[in-house]
Every structure is written in C-alpha cells, then in structure tokens.
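Asks: Sending over a structure as structure tokens; questions will come in a sec.
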Amino acid sequence: MTKTEAKIRIQKLREQIDYYRYQYHVLDRSEISDAALDSLKHELQNLEEQFPEFITPDSPTQRIGGQPLDKFQKAPHLVPMLSLNDVFEIAEVQAWFERIKKLLGSTEEVDFFGELKIDGLALSLTYQNGLLVRASTRGDGRIGEDVTQNAKTIEAIPLRLKPLKRLDLPVNVEIRGEVYMKKKVFKELNKIQKKRGEPEFANPRNASAGAVRQLDPKITASRKLSFLAYDIATDIGVQTHKQVHEILQDLGFESGKFNLRCQNLNEIEKYHQATNDRRESFPYWIDGNVISVNQLGIFKKLGVVGKTPRGAIAYKFPAAQATTVVEDIQVQVGRTGALTPVAHLRPVKIAGTTVSRASLHNLDEINRLGLKIGDTVILEKAGDIIPDVVQVLSKFRTGREKNFKMPSKCPVCHSKVKKRDGEVAYYCTNKKCFAQSLERLQHFVSKNALDIEGLGPKILEQLWNADLIRQPADLFRLTKAELEPLERFAEKSAENIVNSIRAARRVSLARFINALGIRHIGEQTSIELANHFLDFTRLKSASLEKLLEIPEVGEIMARSLVGYFADPENRKFLHQLEKLIRIEPVKPKASSGRLAKKTIVVTGTLGNFSREEAKTAIREAGGHWLNSVSSKTDYVVVGENPGSKAGKAKKLGVKILSEKEFREMLGLA
C-alpha cells in the first residue's frame, strides 16, 4: 500500500469508526456487529503503526468513548477510565510481551493476570466511607454520566462495602466493573418484548446499556442486571492485580471465578484457549480475555500510550465477522457448468483462520449486495465452513471501485455462456469443458462420495494432463506402472493411490448416488433415495411418480433424476462404472430410534460434535439430517455462532434445541 492509499484508507476508517461508535455508545444502536467494528479499529490501529505520520489527535485510536448523553448529569472521573488495545492472535500477544520486556529491561520479573472480558457496560462506582455515593458510565473516559439511582437497583452492587480485616480503605474508593445481563435473563427479556409486539434486543450489551440509561429506575430494576468488578482505581496499598480481585470479593463484589495468574506466554495462551473452549458454559457472554501485568508497581511504571495502558490488552476470541476489501471478482466453473463468481479478498483472519476468498454465489446476489470490485465489506463465518460477504460498507468508496460483469464466454473453454430460464445461474454450454470434467472427478472422489484418499485436486489435474483419466471409470483402470513415471510420484505414493482406489471398489449406495453429482441431488437426498429404493437398479428405473412418493424429493429433484438416467451418455458411463465397482445395496431397517422420522437441522458450532458426528448421531437415532429449514422441520439444533437458519426457525415456529437438549434427546446427557 502506498502512502497516498494509506492516507485515504485511514481517513475513511476514522470517519466510519466515529460514526459507528456514536451510534453504538451514544444512541445505543448497532448497524454492524461488534466483531466487524473491532476489525475496522484493528485495521486502523495497524495502519497508524505503519504510517505514524498520519496519526491525529482526533483519531478513534486516541480517544475512548462518545459524548455523555444530556439527559444525565455529567460525572468527572478522578482517575480516567482507559480502554484497551485489542489483539486477536498469539503473535500479537508475543509482540506486546516483547515491548514490555524492552521497556523494563532484563532486571524486572513479570507475571500476568487473566480474566474474562464480559460483553456489557463499563461502570465506575465511588464509595465514601464505605457507602455508595455515585455511579457513572465511561463516557469519553474523563467525564461520564451519573447513573447512581439506576445502579442502586442492581442487587449485585453493594450499597455499603463490607469492612476489611486486613487493611484500612481510604475515605474515597473508586471501583470499576461491568454491568451485564445473564444469558437466561436476556432470553426471558426478549420473550417479553415479543409478547408485547416490541422489537427484540440484538445483543445483551445493548440491553444492559439501555437499562442503565433509563430515566426511570424502576425500568432498570425490572431488567435484573448483574455486575462484575474488575479493578479498584484507588491506591489501597496492595502489590498485585490478583490481590485486587481478592479484595473486591471481600468487599462484597462478584469479581470472576475464572481468573488465573499466568507466569508466561505459554500459560496465557492455554488460559485463552481453555476459556474459549468453555465459553458456552458461562452464564454471561464473553468475547475474550483481559490480560494484565500482575504487579501493580510495574503496571504503573509502564504507563499509558495515547488512551490505553501499556500493561494490559484485550485478547479477543476469533471473530465470526471481520472487514476486508474485495480486490477482484473471478469466475469459477463447477461440475454442472454453473459459473460462480468468487471474491478475491485482502487476506483477513476470521474465526481463527485466514480467509482470502469467498463465494458470491451468483450475479443476483452481487446485485442484491450492491457489491463492486474494490469495496470494503463485512465477511461472516457463522456455523458454515465457507465465509459469506454479508454487507457492503459503501461509505468507504473512493470512486475507484468497478462494477462486475458476468463473462459471455466460459473462462476455461471459451464456449458460450447462457442463463437458463427460471434460474439465477449462468452456465457454460460445453458439456465436455475441462473445468466441469475435472470438478466432477473431484466431487466423485471427495470425502462424502467415494472418499478416495490421496486424490486431491492437484493429483487429479496431473493425471488428466498425463492423459490417464477423463472420467471416473478411468480411475479404476490405473496401474502402479502408469503412475510411477509421473513427477513427484515415488514408488510408495503410486502404490498408496492404487490401494486407495482399490478400497473404493466397494461403495455404499448412498455414497455412490452422491458421487454421481446429479443436479439438485446432495448428500442427504442421496441417503433418502438409497433408503427408499435399497438398490441402484431400482433407482435407475424409477418413474417420476415413484420418485415423488418420497417426502424429501420435490419435483425439480425428481425431474433431474429421471433426466439424468434417461441420457444415453450417462447410461453408457454408468454401464462402464458398474463393471468396475460393487455398489452395496441397503439392508432394510426398522423405523425405530429416539429420533425416528424426525427431521433435524443443525446450525452453528457444537461443542461435543463435529458436523459429521452430528449427522451420524441423528441418522443412527432414526432421524433425518437436513441442510435447510422449512415449516416441515421438526427441530433446529443451535450451537455457537449460528447462521440465519436459527432466525428462520424462530420465524416459522420450529422448535429450537440447545446442544444440551439435543444430547438429552439422543440419550447422551
């Protein structure tokens, strides 16, 4: 990135972060998720570190919060309420650790204190001679809003501090902490909102902030808020942050049961991973850990840079959303000939992995998003493995962005491209297109089809270029002698591939149907077809009427199957294939099990099941795994970071199960 480009990008980031922060902190509105806003701030922070000449006093990185609302009295903080720098990966924690060591020199021994970062509203409580005299919000870090009467309605906040035996407190003591809403309280609140016909709260942070900022304390009291204390801003004569938490508990505050003293970087990472793994079990929402230098003397010595302390960071969990830039849109040709536009992205970390591409599905989706090449976008990875572009941030546009046009010719074979009636996709008209053939081969050997180990995309392309394969039947004729002369094929790898292909000569009916890649027929439908027809011969000769007798098979699927088996080329292809492999028929099963005849959709990440394990558990219990939600769905199991399926289930009135309830239904709880 050039200096000129960086300057423009920094300015755009500042403008939009200020806008979103004002909406979020002052007006209690969220136009984008916290994860997306964090991603924008993180990008700005990194750019300003790279180009420090563009740092200005009014940059969002140089201040803490928005202006206090006029409806409350102003409340100056005796000690500024600072904010923390966000980091998202262990390399950034390591860099922070190295900066601290450099500042302190080799003589100082440092240890750390880890605590949960709760998603709530920061509050400062002032006690005078042990009595609560004022509660104030963060505001801009120097001046907040006086919300004392509302804070007094929160039972988790003591009106009088408990006396300490081990030390005498100063007359004035300032306690810092987080007002939050427990998960079960948030769930009940949204039920009430729905019954009243009022909009539901998007997240617990907004619900908590809105409750604290009510003019009527009775409304605050009705929200059943909680409070967790994390610091004492006043010097009370203790040596470590760990001792501060012990004192807070003695004074009558909840101060966190999941805090941990960490002696080094390795222990910090283990603590971070452990809290991430069990975050669903906590009674409140958390979005990471706060890691602080434990020794208060060293913490003070490290000082403040800008508006953040050098001695503490917010170590965020991998975000389900992030912002990035669409640098290009290229077209990919699938096994059915469909042209799929793919966004080539400026690489960004999301949910723990670096993403540089995202499917845009079709031209209609690009038009719906209003997406242009060069746009800044929000990327989401919620439950599904492949991330989606969910929003375009058009206010970042500089005028250099370009519209995307679907090509009139296939980018691989240069044949004409046509849009089929009633469909949104564009297709390559050449059935023998190299890209389609290769994609069909890749699908045939994939994990959910014949699952032939060692035959990845690069190997298949190499075999194609060597003129050894053109269709799936060719795979089963390959010999070790043909493979060994190929580049990078040692004797052992050639032998391993031949053995993997040999092992795939016996295949279940469901896997074989899925491997054929018939349009509109996916993994779940393949299983339903196998269980209904029991053998491949009966399926091949099934009429449209017979296929429509299966509840899970609609007319489009049925016509696709009939058309596939009627095509002379496909019949010839199948005839060759059936000579080379054995398709195992299905043994009829009794319709029994805990989930017999129940249709189930899973969305989000489950703690105790991988996606494949969940599918297997449902099927073994007699249930049917589905990929999409409809009014006929019996249950939707909702894990962490669920996608839109959860919302659709709620709208349709489909019963939603937590992972715990799902396990109970399976008899595993």
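The values are calculated or read from the model by the stated rules, or taken from the named source; none is laboratory data. In this text, all values refer to a predicted model and were calculated from it rather than measured experimentally. In this analysis, Cβ positions are derived from the backbone assuming ideal geometry, glycine residues included, and neighbour counts consider all displayed protein chains.
Asks: Taking P170 as meeting all but one of (1) modelled with pLDDT of 90 or more; (2) assigned to a strand (DSSP E or B), write down the number of the exception.
Replies: Among (1) modelled with pLDDT of 90 or more; (2) assigned to a strand (DSSP E or B), P170 violates only (2).
Asks: Which residues, counting only those in the stretch 557-605, are assigned to a loop (DSSP other than H, G, I, E, B), touching a Phe, Trp or Tyr at 6+ places or on another chain (Cβ under 8 Å) and closer than 30 Å to G643 by Cα?
Replies: K598
Asks: Which condition from (1) over 28 Å from L516 (Cβ atoms); (2) in contact with a Pro (Cβ under 7 Å, 6 or more places away or on another chain) is the one that S394 breaks?
Replies: For S394, the exception is condition (2).
Asks: In the stretch 281-310, what count of residues is obtained for those that are modelled with pLDDT of 95 or more and of a type in the set (G, A, S)?
Replies: Number of matching residues: 1.
Asks: Just checking, which of S493, S500, S508 is more than 25 Å from T525 (Cβ to Cβ), at pLDDT 90 or above and hydroxyl-bearing (S, T, Y)? Write out each step before concluding.
Replies: Working: S493 fails: at pLDDT 90 or above; S508 fails: more than 25 Å from T525 (Cβ to Cβ).
One residue alone meets the criteria, S500.
Asks: Considering only the stretch 359-387, how many residues are surrounded by 20 or more Cβ atoms within 10 Å (Cβ to Cβ) and at pLDDT below 90?
Replies: Looking only at that region, the number is 5.
Asks: Determine if the stretch 558-566 includes at least one residue that is surrounded by 16 or more Cβ atoms within 10 Å (Cβ to Cβ), in contact (Cβ under 8 Å) with a residue 12 or more places away in the chain and in contact with a strand residue (DSSP E or B) (Cβ under 8 Å, 6 or more places away or on another chain).
Replies: No, the stretch 558-566 has no match at all.
Asks: Another question, then. Against the definition (of a type in the set (D, E, K, R) and more than 34 Å from the chain's Cα centre (by Cα)), how does R176 come out, yes or no?
Replies: On the way: of a type in the set (D, E, K, R): yes; more than 34 Å from the chain's Cα centre (by Cα): no.
No, not satisfied.
Asks: Out of everything in the stretch 312-355 that is out of contact with any Leu (no Cβ under 9 Å at 6 or more places or on another chain) and free of Cβ contacts under 8 Å to residues at least 40 places away in the same chain, what residue ends up being nearest to Y427 (Cα to Cα)?
Replies: Here the residue is H344.
Asks: Here's something else I'd like to know. Test E254 against the criterion of being without any contact (Cβ under 8 Å) to a residue 12 or more places away in the chain and closer than 17 Å to I175 by Cα, and give yes or no. Give the steps one after another, and end with the answer.
Replies: Values: without any contact (Cβ under 8 Å) to a residue 12 or more places away in the chain: no; closer than 17 Å to I175 by Cα: yes.
No, not satisfied.
Asks: Restricting the search to the stretch 457-488, which residues are surrounded by fewer than 12 Cβ atoms within 10 Å (Cβ to Cβ) and under 30 Å from the mean Cα position of the chain (by Cα)? Let's see the steps before the verdict.
Replies: In the first step, residues of the stretch 457-488 are kept if they are surrounded by fewer than 12 Cβ atoms within 10 Å (Cβ to Cβ); the result is 458, 465, 467, 479, 481, 485, 487-488.
Passing the criteria: only K458.
Asks: Could you list, in sequence order, all residues of the stretch 514-545 that are part of a helix (DSSP H, G or I) and more than 32 Å from the chain's Cα centre (by Cα)? It would help to see each step written out before you state the result.
Replies: Of the residues in the stretch 514-545, the ones part of a helix (DSSP H, G or I) are 514-515, 523-533, 536-540, 544-545.
L529, A530, N531, H532, F533, F536, T537, R538, L539, K540, L544, E545 - these are the residues of the stretch 514-545 that are part of a helix (DSSP H, G or I) and more than 32 Å from the chain's Cα centre (by Cα).
Asks: Looking at (1) in a loop (DSSP other than H, G, I, E, B); (2) surrounded by 14 or more Cβ atoms within 10 Å (Cβ to Cβ), which one does S631 not meet, given that it meets all the others?
Replies: (2)
Asks: Moving on. Is it the case, given these coordinates, that P347 is at negative phi and outside any strand (DSSP E or B)? Working first, answer last.
Replies: Details: at negative phi: yes; outside any strand (DSSP E or B): no.
No, not satisfied.
Asks: Look at G141 and say whether it is in contact with a Leu (Cβ under 6 Å, 6 or more places away or on another chain) and in contact (Cβ under 8 Å) with a residue 40 or more places away in the chain.
Replies: On the way: in contact with a Leu (Cβ under 6 Å, 6 or more places away or on another chain): no; in contact (Cβ under 8 Å) with a residue 40 or more places away in the chain: yes.
For G141, the condition - in contact with a Leu (Cβ under 6 Å, 6 or more places away or on another chain) and in contact (Cβ under 8 Å) with a residue 40 or more places away in the chain - is not met.
Asks: Considering each of R205, R176 in turn, give the residue that is among the charged types (D, E, K, R), touching an Asp or Glu at 6+ places or on another chain (Cβ under 8 Å), touching a residue at least 40 places away in the same chain (Cβ under 8 Å) and in a helix (DSSP H, G or I). Step through it out loud before you land on a result.
Replies: On the way: R176 fails: in a helix (DSSP H, G or I).
Exactly one residue qualifies, and that residue is R205.
Asks: Ok, one more. Output the residues belonging to the stretch 321-343 that are among the aliphatic types (A, V, I, L, M), under 27 Å from S39 (Cα atoms) and surrounded by 23 or more Cβ atoms within 10 Å (Cβ to Cβ).
Replies: Here is the first cut: in the stretch 321-343, the residues among the aliphatic types (A, V, I, L, M) are 322, 325-326, 329, 331, 333, 338-339, 342-343.
This time we only want the ones that are under 27 Å from S39 (Cα atoms), so: 322, 325-326, 329, 342-343.
Answer for the stretch 321-343, where residues must be among the aliphatic types (A, V, I, L, M), under 27 Å from S39 (Cα atoms) and surrounded by 23 or more Cβ atoms within 10 Å (Cβ to Cβ): A322, V326, A343.
Asks: Let me ask something additional. Considering only the stretch 259-272, state which residues are within 13 Å of L116 (Cα to Cα) and either without any contact (Cβ under 8 Å) to a residue 60 or more places away in the chain or surrounded by fewer than 16 Cβ atoms within 10 Å (Cβ to Cβ) (or both). Explain how you work it out, then say what you get.
Replies: Residues of the stretch 259-272 within 13 Å of L116 (Cα to Cα): 259-261, 268, 271-272.
R261, the sole residue that qualifies.
Asks: Taking L580 as meeting all but one of (1) more than 22 Å from G554 (Cα to Cα); (2) not assigned by TED's automatic domain parsing to the domain that holds A530, write down the number of the exception.
Replies: Checking L580 against (1) more than 22 Å from G554 (Cα to Cα); (2) not assigned by TED's automatic domain parsing to the domain that holds A530, the one that fails is (2).
Asks: Shifting gears a bit: Residue by residue through the stretch 219-228, note down the ones that are in contact (Cβ under 8 Å) with a residue 24 or more places away in the chain and either touching a Gly at 6+ places or on another chain (Cβ under 7 Å) or surrounded by fewer than 18 Cβ atoms within 10 Å (Cβ to Cβ) (or both).
Replies: Filtering the stretch 219-228 for residues in contact (Cβ under 8 Å) with a residue 24 or more places away in the chain gives 220-221, 223-228.
Listed by number, the residues that qualify are A221, F227, L228.
Asks: Counting only residues that are not charged (D, E, K, R), give me the strands (runs of 3 or more DSSP E) lying completely in the stretch 258-324 with at least 3 of them. Step through it out loud before you land on a result.
Replies: Numbers: elements: 260-262, 286-293, 312-316.
Of the strands (runs of 3 or more DSSP E) lying wholly inside the stretch 258-324, those with at least 3 residues that are not charged (D, E, K, R) span 286-293, 312-316.
Asks: Would you be able to tell me the number of residues in the stretch 142-176 that are touching a Gly at 6+ places or on another chain (Cβ under 9 Å), surrounded by 18 or more Cβ atoms within 10 Å (Cβ to Cβ) and of a type outside the set (V, I, T)?
Replies: Of the residues in that region, 5 qualify.
Asks: Something else now. Any residue in the stretch 120-132 that is of a type in the set (S, T, Y), in the same structural domain as P283 (by TED's automatic domain parsing), more than 30 Å from the chain's Cα centre (by Cα) and at pLDDT below 90?
Replies: no
Asks: Taking the criterion of being touching a strand residue (DSSP E or B) at 6+ places or on another chain (Cβ under 7 Å), closer than 30 Å to V602 by Cβ, surrounded by 14 or more Cβ atoms within 10 Å (Cβ to Cβ) and modelled with pLDDT of 85 or more, would at least one residue in the stretch 408-423 satisfy it?
Replies: Here is the first cut: in the stretch 408-423, the ones touching a strand residue (DSSP E or B) at 6+ places or on another chain (Cβ under 7 Å) are 408-413, 415-420.
Remaining after also requiring closer than 30 Å to V602 by Cβ: none.
No, the stretch 408-423 contains no residue that is touching a strand residue (DSSP E or B) at 6+ places or on another chain (Cβ under 7 Å), closer than 30 Å to V602 by Cβ, surrounded by 14 or more Cβ atoms within 10 Å (Cβ to Cβ) and modelled with pLDDT of 85 or more.
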